[in-house]
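The values are calculated or read from the model by the stated rules, or taken from the named source; none is laboratory data. Treat the numbers as computed from the prediction; the structure is a model and nothing was measured. All Cβ positions, even for glycine, are placed from backbone atoms using ideal geometry, and neighbour counts span all protein chains on display. Heavy atoms of the whole protein, side chains included, go into the accessibility calculation; ligands, DNA and RNA do not. Shrake-Rupley method; radii C 1.70, N 1.55, O 1.52, S 1.80 Å.
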Amino acid sequence: MRNYSLETEPTALINPWLEPRIAEMLAFRRDLHAHPELSRQEFRTTDRLMARLIAAGLAPRRVSGTGLFVDVGDGPIATALRGDIDALPVMEETGLSFASRNHGVTHACGHDIHTTTMLGIALVLTDMHAQRPLGATIRIIFQPAEEIMPGGSLDCIAQGALEGVPRIMALHCDPRIELGHIGTRIGSITSASDTIKIELSGRGGHTSRPHLTEDLVFALAEIAINVPAVLSRRVDVRSGVSVVWGQIGAGSAPNAIPGTGFMAGTMRCLDREAWHAAGELLDEVVQQVAAPYGVDVLLEHTRGVPPVVNSEHETALIEAAARAELGENAVVLAPQSMGGEDFAWFLQDTPGALMRLGTHVPGGEQYDLHRGDYIVDERALGLGIRVLGAAALRAIRDLT
């Protein structure tokens, strides 16, 4: 009896198995959307997933707190697939009949689609395995706390989610890519993202006598302008190191130089090695820029996530699956994003790839992620199940 891994070129395999389950998956997604939960608070979501997987005859393993992972099939693990399950502290403005019932919380990043995609794959592959053995195991990870730092990927890794896993793949909704297409890219597809907080203190005084003070307002301005400039000359410019400030504050009167001030922002980078190099340089550069003004500097640099660096082979698996399931023109080049993505931690020692799932309807309204009005065309759900499910079957073939 041949297993599915030998029959993945070029015929679509997933759709016939998905059709009987798509209505259930749509209902499950709508329920998740109506009951979003913030990072590390995804208790209802985790419970619902556990119950459905157990009902399918599987044995999911809960991560401490929230999140879980489950194995489908038997034999060596061919690949892991990851979906994130948390929502955002954003007020929903979609007007959907299944809009969020949790005030001020919504799935404004499409994680309800990601979660349900992974559940759909688990159920479809379970059906296929019952009919004819898969010939290997697919591990599916439902990761909590993607939207905060440090994120839930580190919890999953610490509790064994990557043990025995030779590769890992994931998807993310993308409202810039048209429905029916996926976006891929070899190499960095997202950026590293760190948080920088700086507090300055010094001797304040009258603005008519700045020479008798330690003018920290001027020092804040110099740091804001010159730290990004110096880093751009100390780190390879091709790495895309970007320091951008989101907060700055000091003082309460126009004629008084204050004694304290603060600023905060992010540092992003598309290159893993340059991310490490820039982080090691940051304190030195900040101290040097502030030194002429005599202020005391307290720097808090929080490492967030590395860049997501897609490997060539896993990207090719996803592309082949998409072309077989959706058509020859289904794959487009995804633009690099300067946003951070917690999936990057899974890729530190394990090859893998993140694909972009198109959610934009041609001619329809252009939405964006992390907005309260973000609406996903639900047809994207089935497409995600088909592509990553088929990619998992191709990963099984690699073991034979």
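Quote the FRET efficiency, to the nearest 0.05, computed for ILE186 versus VAL237 with a Förster distance R0 of 22 Å and r equal to the Cβ-Cβ distance.
Rounded to the nearest 0.05, the efficiency is 0.55.
For region 234-315, what % of the accessible area comes from carbon and sulfur atoms, probe 1.4 Å?
After summing per-atom areas, the C and S share lands at 51 percent.
Under a 1.4 Å probe, what is the accessible area of region 130-184 per residue, stated in Å²?
32
Could you report the accessible area of PHE343 in Å², rounded to 10, computed with a 1.4 Å probe on the protein chains as they sit in the structure?
Its accessible surface works out to 0 Å², give or take rounding.
Assign one of three labels to region 67-134, namely rounded, prolate or oblate, based on the Cα gyration tensor with a ≥ b ≥ c the square roots of its eigenvalues; rounded applies when a/c is under 1.5, prolate when it is not and a/b is larger than b/c, and oblate otherwise.
Prolate, because a/c is 1.5 or more and a/b exceeds b/c.
What FRET efficiency, computed as 1/(1 + (r/R0)^6) with R0 = 56 Å and r the Cβ-Cβ distance, is obtained for ILE248 and GLN159, rounded to the nearest 0.05?
Computed FRET efficiency for ILE248 and GLN159: 0.90.
Rounded to the nearest whole Å³, what is the per residue volume of the convex hull around the Cα atoms of region 254-316?
109
Could you tell me which of rounded, prolate or oblate describes region 329-400, using a ≥ b ≥ c as the square roots of the eigenvalues of the alpha-carbon gyration tensor, with rounded for a/c under 1.5 and, failing that, prolate when a/b is larger than b/c and oblate otherwise?
oblate
Using a cut-off of 10 Å between beta-carbons, work out the net charge of the residues near HIS107 (Lys and Arg +1, Asp and Glu -1, HIS107 not included).
-3
Find which of GLY294, SER337, LEU317 sits farthest along the positive direction of the dipole of region 270-400, computed with +1 on the beta-carbon of Lys and Arg, -1 on that of Asp and Glu, about the Cα centre.
LEU317
Quick check for me: using +1 on Lys/Arg Cβ and -1 on Asp/Glu Cβ, what's the dipole size of the chain about its Cα centre, in debye to the nearest 20?
I would put it at about 400 debye.
For region 20-158, just say rounded, prolate or oblate: build the C-alpha gyration tensor, square-root its eigenvalues into a ≥ b ≥ c, call rounded for a/c under 1.5, and beyond that prolate if a/b exceeds b/c, oblate if not.
Note, shape of region 20-158 comes out oblate.
With Rg and Dmax of the Cα atoms in Å as the read-out, I listed [x] 23.9, 89; [y] 20.0, 66; [z] 23.5, 79; which label goes with the value calculated from this structure?
[x]
When the accessible area of region 320-400 is split by element with a 1.4 Å probe, what percent falls to carbon and sulfur?
49
Using only protein heavy atoms and a 1.4 Å probe, report how much of GLU178 is accessible, in Å² to the nearest 10.
In the full protein context, GLU178 sits at about 80 Å².
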